[in-house]
Each structure stands twice: as C-alpha cells, then as structure tokens.
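Read-outs throughout are calculated quantities, based only on the coordinates presented, and are distinct from any laboratory measurement. If you're wondering where the values come from, they're calculated on a predicted model, not measured in any experiment. With ideal geometry, Cβ positions are generated from the backbone for all residues, glycine too; neighbour counts draw on all protein chains shown.
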Amino acid sequence: LAVTSPGGSVYPLHVDNTLGVKGSPQDDTRKLTCILYLNHPTHNTDVDGGELRLLVNPNLTKIDLCPVGGRMVLFWSDEIPHEVLPTAPTKHKYDEMFDRYALTIW
C-alpha cells in the first residue's frame, strides 16, 4: 500500500521492471502492474492532485489518470514509464484527509 501525503508529495518518473536496462538487477520478473485506488469518494483531483501520469506509445504521449476511489489501472511493468503528480500541493503535509492511497500488485 502506497500512501502519498499532501503538501506536494510525488513519485518520480520510473518503469517498474527495468530488466534489460544497463545496471539494473536481472531477476525482475514483473510483467503487469495493477493499481487499485482506495481514496475516499470525496477525493477531488482538481484540488487534491496525485494523478498517475503514464507515458505511452513511441512518442511518449502523456495520459493523466485521476486517483478515483475504486479505479483500477493496469499496464505493462516493463514498458510504461509513469509517475505520480504532486498530491494536494496547497495542503499541509500532515493533513491525512488529503492522503492518496494506492494498492499496487505485480
């Protein structure tokens, strides 16, 4: 379970399975990333942020997905760069009401 706190917390751009990337471990067998958002139904991404940004296709087109409670996102672990955009950047970092919850399974 990943919890991203308010105050602008992010997860930087990365690929979950870096097999084949120079300097990466060679034992990563993850193929599919599954994220289930567990946020409260009142989570307002216009204010609360925390969107998942996927970079897809050869042109690395950006797709931003709101972390709506109950939403499930699936993508290839070794092909799709992704990041989490700032979470509730204008809120205090200890205000748990604006935490972003994501359960990730590979």
Lysine pairs meeting the criterion (Cα under 29 Å, 8 or more apart or interchain), as found in the chain: 5
Which whole-number percentage describes the relative contact order of the chain, with Cα contacts under 8 Å and a sequence gap of 6 or more? 48
Hey, what do the phi angles of region 64-74 turn into as Karplus ³J(HN,Hα) couplings, whole Hz, using 6.51/-1.76/1.60 and θ = phi - 60°, x for Gly and Pro? 9, 10, 6, x, 6, x, x, 6, 10, 10, 10
Here FRET efficiency (C-beta to C-beta, Trp106 to Asp46, R₀ 41 Å, nearest 0.05) is 0.85
Label-zone membership for region 46-62, site Leu32, 7 angstrom Cα→C-beta point, backbone N under 20 Å: 54-57
Can you match Cα extents along the principal axes in Å to one of these, [x] 49, 34, 21; [y] 40, 28, 25; [z] 98, 37, 29, based on a calculation from the structure here? [y]
With only helices counted (DSSP H, runs n ≥ 4, each -39500 (n - 2.57)), the per-residue ellipticity at 222 nm for the chain, to the nearest 500, works out to -500 deg cm²/dmol
Which residues' amide hydrogens lie under 5 Å from the amide hydrogen of Arg71, considering only partners 5 or more residues apart or on another chain, with H built in the peptide plane? Tyr37
